[in-house]
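The values are calculated or read from the model by the stated rules, or taken from the named source; none is laboratory data. The shown structure was predicted, so the numbers you read here are calculated from the model rather than taken from an experiment. Cβ: placed from backbone, ideal geometry, glycine included. Neighbour counts: every protein chain shown.
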Amino acid sequence: MADGISLEELQLAARNHGMPLEALRWDVTPVGLHYLLTHYDIPAVDPATWRLEIDGLVDRPLSLSLDDLRSRPALEVVATMECAGNGRVLIEPHVFSQPWLLEAVGNARWKGVALASLLEEAGVLASAIEVLFEGLDRGCEGEEEQVYARSLPLADALGEDVLLAYELNGVPLPPQHGYPLRLLVPGWYGMTSVKWLARISLLDTAFDGYQMRHSYRLRQEEDEVGEALSRMQVRALMVPPGIPEFPSRARIVPVGECVLEGRAWSGEAQIADVEVSTDGGETWAEAELAPRSDGRWAWRGWQFLWNAEPGEHELCCRARDEAGNEQPLEAPWNLGGYANNAVQRVSVTVS
């Protein structure tokens, strides 16, 4: 696989980072361990002069400072966020982009202002159908100079837990996570939650910017329109058991009882069950789910007691949600390497 990774992809990997899978043990991911993807440069923002503009098809355009936002009723949401490209390098043929393995995820406590309350304050006109979110990060992509901008259908933007967040795990947003303000759309892949938010505009037509028209779409060919990505697919991940060999990360586990544990989530529905296989997916047994905690959008813990016998083993885990969605054993290929929620496979030597 290393021979297929280009210098450009290594540069992306050095700028961004995933969450070490052993951090699945935390209910809430520590700030420095939460996955991070930055499309362009981290902008320098002066909080004294920064404003959030809400305009377009509204009765009362708003221009709000950070203090203005903090003075309004606060909402706190615990939400799992996953990059749409998580698992990209595990599909073949190779896809050029940020080379994620399985670590592009985190579960955090976000605090801010409900977007719906601000849109109500601005007075959305009946002709509005979409909400456009523009960040301050600027770059070139697809031969277009642009700020990072994405839109949501109005009905989705008015969801009760959609948040304009100014805090992460009880502290002000760090620069890399969108300081001073970012959008949070629980249940959707991370590209939706625009960082360094500066403008919200109400539109009467669908936004046709690069990040909506071309990026984050399931396509087989470049000239396809494709299907837009939205909600996170169901997935379970396992804390790698035992100890790692450096640098291969191959796992070494002692003989005897071994507690396998991890987390599961879905943007479509709540987790119904998680299964574990210790023979590469030939047979499956049900894991024990932890009680639901931290609300609808947080990942859910699971455990499985394995009697580890000497030899080579391939451990797998898969989740099913209450809408009936289940992880596949193999992921279908697409041009962007998106939404690869195939079951995780962990090779283990028991000795």
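State the number of residues belonging to the stretch 71-112 that are closer than 20 Å to Trp299 by Cβ and either part of a loop (DSSP other than H, G, I, E, B) or of a type in the set (Lys, Arg) (or both).
Selection size over the stretch 71-112: 12.
Can you tell me which residues in the stretch 262-291 are in a strand (DSSP E or B) and surrounded by fewer than 19 Cβ atoms within 10 Å (Cβ to Cβ)?
Correct list: Ala272, Asp273, Ala285, Glu286, Glu288, Leu289.
In the stretch 120-140, which residue that is crowded, with 18+ Cβ neighbours inside 10 Å and within 25 Å of the chain's Cα centre (by Cα) is farthest from His34 (Cα to Cα)?
That would be Glu130.
Restricting to the stretch 103-128, give me the number of residues that are touching a Leu at 6+ places or on another chain (Cβ under 6 Å) and aliphatic (A, V, I, L, M).
Residues that pass the stated criteria total 9.
So, in the stretch 304-325, how many residues would count as being crowded, with 16+ Cβ neighbours inside 10 Å and in a strand (DSSP E or B)?
Matching residues across the stretch 304-325 total 11.
Checking the condition part of a helix (DSSP H, G or I), within 20 Å of Lys195 (Cβ to Cβ), of a type outside the set (Gly, Ala, Ser) and in contact (Cβ under 8 Å) with a residue 40 or more places away in the chain, which residue from Leu118, Leu132 passes?
None of the others qualify; the one that does is Leu118.
Condition first: assigned to a helix (DSSP H, G or I) and within 23 Å of Thr80 (Cα to Cα). Now tell me which residues in the stretch 22-70 satisfy that.
Passing the criteria: Glu22, Ala23, Leu24, Arg25, Val31, Gly32, Leu33.
Would you be able to say whether some residue in the stretch 292-299 is outside any loop (DSSP other than H, G, I, E, B) and at negative phi?
no
Checking Ile252 against (1) surrounded by fewer than 14 Cβ atoms within 10 Å (Cβ to Cβ); (2) assigned to a loop (DSSP other than H, G, I, E, B): exactly one of these is not met. Which one?
Among (1) surrounded by fewer than 14 Cβ atoms within 10 Å (Cβ to Cβ); (2) assigned to a loop (DSSP other than H, G, I, E, B), Ile252 violates only (2).
Within the stretch 302-351, which residues are within 18 Å of Glu257 (Cα to Cα) and hydroxyl-bearing (Ser, Thr, Tyr)?
Passing the criteria: Ser347, Thr349, Ser351.
For the stretch 226-253, give me each residue that is in contact with a strand residue (DSSP E or B) (Cβ under 7 Å, 6 or more places away or on another chain) and farther than 18 Å from Tyr338 by Cα.
Matches in the stretch 226-253: Met238, Val239, Pro240, Pro241, Gly242, Ile243, Pro244, Glu245, Ala250, Arg251, Ile252, Val253.
If Pro247 meets every condition in (1) modelled with pLDDT under 95; (2) buried (at least 20 other Cβ atoms within 10 Å of the Cβ) apart from one, which number is that one?
Looking at each condition in turn, Pro247 falls short on (2).
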